[in-house]
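Worksheet: the structure to be examined is printed underneath.
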Amino acid sequence: MHVAVVGGGLSGAVAAYRLRGALGDGAAITLVEATDSLGGKLRTAEVGGVRYDVGAEAFLARRPEGVGLAAELGLDLVHPGKARSTVRAGGRVAPLPGRTLMGIPGSPDAVAEVLSDEGRARVAAEPDLPPVTLESDTALGALLRERFGDELVDRLVDPLLGGVYAGGADGLGLRATVPALATAIDRGAPSLTAAAAGLIPSQPSSAPVFGTLPDGLGTLVDRLVELAKPDIRLGRPVTELRRRESGWQLEVGDELIDADAVLLAVPAPAARKLLDGVAPAASAALGEVELASMAVVAMALPPGTELPDASGVLIGARERRADGEPFAAKAFTFSTRKWPHLDSGPVLVRGSVGRFREPGALHRDDDDLVRVVRDDLAELTGITAEPIDVVVTRWGGGLPQYGPGHLDLVERAERAVTEVPGLALAGAALHGVGVPACIATATAAATRITSQLVR
């Protein structure tokens, strides 16, 4: 048996690993990646002599997939320290409020520190509005602005969502991004405040929220590929996918690869092109997924550079510098503060740049991008130390946007693919952009393939 996995990011690596475990050493697995390296959005680089993540830097430890896979692979996890996150809201930096659901409060007191008197009054009045109803999916931002006003969205919800999707609430769908809130409303919660209050635990959990690997998340992909033992094709995109009487044929540059099954773990635009001739309904659905671009500016500052007593700071799109210009960065992570395993050697800081449909500073070259990000850091923290090392990593079209109706289009795509034997889909465009969600889609896709090949 021969399975071709297209896409060498986390989803493709997990899929190859699961396929090897199910099919055994006798199966042939080919892993095709269009770029010159594996890992996708999991990328670990040397910054100031330290292995440092310049893509995704952590995953939700309260979902089982990431924690379980790390344990299965024999990889140790580390968790953040006690430093709190902050947010630049209304021209000042404040602690990121706890006891919210992606910034949506269960009570006005939860968000009082980041809102003006008028903003607090709007939040306090939300439970007295007519009961909220959802006839179908809706834009999260429109709903929140109607119920709470603009301040809550601009100062808190947007910065939080920007860290996950590189997109704001106005372009994201409620049911795909905050499904638990939508379910609570469907079940009769009379207000968004009441819905959030019912979902926020009465006592905060002592279990860590996030986890990562001490040598970087790139280690996860390295280990998966080591165990999967695939035949790897790098820097060679699949240009055409064809069904044959007894399987599939992939055109990879000037090479033709025959396979019994194909698992696609590529971004939505690439999947759309490859599926056009074999599952047109799936191709059309995935063609509706939009993407955002971003960049990470990773800096190693001189040892002893004093960081704020915080794990990082989120920055709303409407926040302005003292000179009236918008910030180039949407967030900074003070990694040396956040992660105890990075608290020796150079001081490590990441600046994240890029919002959906607002490329802004992404148009600048690397040197200029570093300059404006350093200016932002100085404005927010007073830090002007010259970095001893800088790595700029750009993710063009790296993050899918889960707009209104996203769940419906994913259902259309997956239904169309299930009608085609020997074909499966995985990846961040489907059921979540985080590490656990990608592991889940890859595992499900590999299970579909093996269930058809092993009878």
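Here are some notes:
- Only one of the listed residues (Ala182, Ala189, Ala194) is more than 15 Å from the chain's Cα centre (by Cα), at negative phi and crowded, with 21+ Cβ neighbours inside 10 Å. That residue is Ala182.
- Qualifying residue in segment 164-171 (condition: touching a Gly at 6+ places or on another chain (Cβ under 9 Å), closer than 26 Å to Gln203 by Cα, modelled with pLDDT of 95 or more and not aromatic (Phe, Trp, Tyr)): no
- Every residue from segment 420-431 that is closer than 24 Å to Arg357 by Cα and buried (at least 23 other Cβ atoms within 10 Å of the Cβ): Gly427, Ala428, Ala429, Leu430
- Selected residue (criterion: nearest to Arg355 (Cα to Cα)) from residues of segment 119-142 that are surrounded by 23 or more Cβ atoms within 10 Å (Cβ to Cβ) and more than 23 Å from the chain's Cα centre (by Cα): Gly119
- Tabulated pairs, segment 41-68, first at pLDDT below 95 and of a type in the set (D, E, K, R), second surrounded by fewer than 21 Cβ atoms within 10 Å (Cβ to Cβ) and assigned to a loop (DSSP other than H, G, I, E, B), C-beta under 7 angstrom, 6+ apart or interchain: Arg62/Ala207; Arg62/Val209
- Selection of helices (runs of 4 or more DSSP H) fully inside segment 336-444 by the criterion of at least 2 residues being touching a Ser or Thr at 6+ places or on another chain (Cβ under 7 Å) and either without any contact (Cβ under 8 Å) to a residue 24 or more places away in the chain or among the aliphatic types (A, V, I, L, M) (or both) returns 428-431.
- Hey, Leu314 hydrophobic (A, V, I, L, M, F, W, C), within 18 Å of the chain's Cα centre (by Cα) and at pLDDT 95 or above or not: yes
- When Leu152 is tested against (1) in a helix (DSSP H, G or I); (2) aliphatic (A, V, I, L, M); (3) at pLDDT below 95, just one condition goes unmet, and that condition is (3).
- Note on segment 336-357: residues that are surrounded by 16 or more Cβ atoms within 10 Å (Cβ to Cβ) and farther than 21 Å from Val47 by Cα total 3.
- Segment 432-451, residues that are under 17 Å from Leu31 (Cα atoms), surrounded by fewer than 21 Cβ atoms within 10 Å (Cβ to Cβ) and within 19 Å of the chain's Cα centre (by Cα): Thr443
The rows are residues; the columns are (1) on the phi < 0 side of the Ramachandran plot; (2) among the hydroxyl-bearing types (Ser, Thr, Tyr).
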residue	(1), (2)
Val372	yes, no
Gly382	no, no
Thr393	yes, yes
Gln401	yes, no
His406	yes, no
Leu409	yes, no
Arg412	yes, no
Val420	yes, no
Leu430	yes, no
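- Test: residue in segment 290-304 that is over 30 Å from Glu379 (Cβ atoms), in contact (Cβ under 8 Å) with a residue 12 or more places away in the chain and within 19 Å of the chain's Cα centre (by Cα): yes
- For the residues Ser311, Ser283, the requirement of being surrounded by 18 or more Cβ atoms within 10 Å (Cβ to Cβ) and not assigned by TED's automatic domain parsing to the domain that holds Gly8 singles out Ser311.
- Search result, residues across segment 358-385 that are among the acidic types (Asp, Glu) and surrounded by 22 or more Cβ atoms within 10 Å (Cβ to Cβ): Asp376
- Filtered residues of segment 269-291 (kept if within 19 Å of Glu251 (Cα to Cα) and of a type outside the set (Asp, Glu)): Pro269, Ala270, Ala271, Arg272, Lys273, Leu274, Leu275, Gly277, Val278, Ala279, Pro280, Ser283
- Test result for Val417, assigned by TED's automatic domain parsing to the domain that holds Ala322 and buried (at least 20 other Cβ atoms within 10 Å of the Cβ): no
The values are calculated or read from the model by the stated rules, or taken from the named source; none is laboratory data. What you see is a predicted model, and the numbers here were worked out from it, not measured in a lab. Neighbour counts are summed over all protein chains in view; Cβ atoms, including those assigned to glycine, are modelled from backbone coordinates with ideal geometry.
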